[in-house]
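Every number here is computed from the coordinates shown, using simple stated rules; none is lab data. Quick caveat, the model's predicted, so the values are computed rather than measured. Cβ: placed from backbone, ideal geometry, glycine included. Neighbour counts: every protein chain shown.
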Amino acid sequence: NGIVRFADLLNNTTLMPEQRDHVRTISSSSEALLKLTGNMLDYSWLEAGRMPLDPQPCDVRERSEGVLDLVSGHITDKNLMLLHRGAADVPARVEVDAGRLRQVLVNLLDNAVKFTAAGEVAVEAGVRPAGPAAGAVFLEFSVRDTGPGVMPADQGRLFRPFSQISRPGARRHGGTGLGLVISRSLVRLMGGDITVTSEEGKGSTFTVMIPLPVSDDEDDAPDLSVAEQRPVYASLGRTENAPPSASVLIIDDDADFIDIQTRALHQSGFKV
C-alpha cells in the first residue's frame with residue numbers, strides 16, 4: 001500500500017518521460033502484487049470456512065454502475081464498447097454484502113476486458129421471483145464479452161484454483177486462476193451460484209444468481225432528483241426528468257447500444 005501511494009504521489013510531480021514510465025511500472029506491479037495477496041487471503045478464509053459476510057441495505061443499481069466506472073479506463077484503452085442494461089424491475093434496495101458483490105462483479109469484468117481484443121463487454125441486471133417467500137428475489141447479473149470464448153473441454157477448469165485454461169492469450173495475461181474460484185465461493189456463500197455459457201470464437205457469458213431479501217429501509221436511499229454526470233457507456237435502468245417534447249436521434253453501428261439507449265430515453269420521457 002505504501003509503495004502504491006508514494007508511486008501515485010511521485011507520478012504527480014515533474015518527471016522526465018523515462019522516469020514517468022518507471023513510476024507507472026512500479027505502480028502497476030505493486031497493484032498486481034496487492035491483488036494477488038488479497039486473493040490468497042480471501043482463498044484462505046474461504047477454505048477455512050471463516051469468510052464473514054456483512055449484508056446491509058444498498059442500491060444494487062448504483063453499485064453496479066460504480067463497478068463500470070472502475071473498468072471504463074481499460075475499456076477506453078482497448079477501444080471496446082461497454083454496455084449496461086438494467087431491468088426496470090430491479091429493486092432499489094436489497095440486503096446484500098455490497099463489498100463482496102462488488103468484488104465478484106469486478107473479477108468478472110476484469111476477466112472480460114482482459115481477454116476481449118475487439119467488440120464489446122456488456123453487463124445486464126435483472127430479477128426473478130424467488131419462489132413463495134414474500135419480499136425476496138433472485139438478483140441476476142450477467143457479464144458478456146466478445147472474446148475468444150472457452151472450449152467445452154476447458155469450461156470445467158474455469159473454477160478450479162491455480163488452473164490455467166488453454167484459450168488464446170491465457171498465458172500472456174497470466175494470473176493464478178483464483179479470481180473465478182473466489183467469486184463462485186462468495187456467491188455460493190450468499191446462497192447463489194455462477195454459471196458460464198461460451199462458444200469458441202464467439203465470446204462468453206458469466207451469470208450470477210443470488211437470492212436476496214428486498215429491503216424496506218429507504219432512509220439512506222440516494223437522491224435521484226438531480227441529473228448525474230454519466231461516463232461514456234450506455235446505461236439503462238435509471239430514469240431522469242426530461243422535457244416531454246424532447247426528441248433524440250441515435251446513430252450508431254452497434255445494435256445493442258441503440259437498443260439500450262432507446263429504451264432508457266423512452267423511460268425518461270424522450271421521443272426517439
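Please give the FRET efficiency for MET16 paired with VAL106, using the beta carbon to beta carbon distance and R0 = 51 Å, rounded to the nearest 0.05.
Efficiency for this residue pair is about 0.90.
Rounded to the nearest 0.05, what FRET efficiency do GLN267 and ALA136 give with R0 = 22 Å and r taken as the Cβ-Cβ distance? Could you check?
With a Förster radius of 22 Å, E is 0.30.
Sort 121-127, 1-7 by packing, meaning the average of other beta carbons within 10 Å per residue, with the highest value first.
Working: 121-127: 21.7, 1-7: 12.6.
Descending mean neighbour count gives 121-127, 1-7.
What is the calculated FRET efficiency for LEU189 to LEU249, with r their C-beta to C-beta distance and R₀ = 41 Å, to the nearest 0.05?
Efficiency, rounded to the nearest 0.05: 0.30.
At 0.36 nm per residue, and after removing the present C-alpha to C-alpha distance, how many nm does the segment from PHE159 to LEU53 gain when stretched out fully?
My answer for the length gained is 36.0 nm.
Between LEU9 and SER28, 0.36 nm times their residue separation minus their Cα-Cα distance comes to what?
5.4 nm
Need the full-extension length gain, THR197 to HIS74, defined as separation in residues times 0.36 nm minus the C-alpha distance. One decimal, nm. List each step's numbers first, then the result.
Details: separation 123, 0.36 × 123 = 44.28 nm, distance 2.39 nm.
Gain on extension, THR197 to HIS74, equals 41.9 nm.
Taking Rh as the Kirkwood radius, which is the inverse of the mean 1/r over Cα pairs, what is the Rg/Rh value for segment 1-145?
Using only Cα positions, Rg/Rh for segment 1-145 is 1.04.
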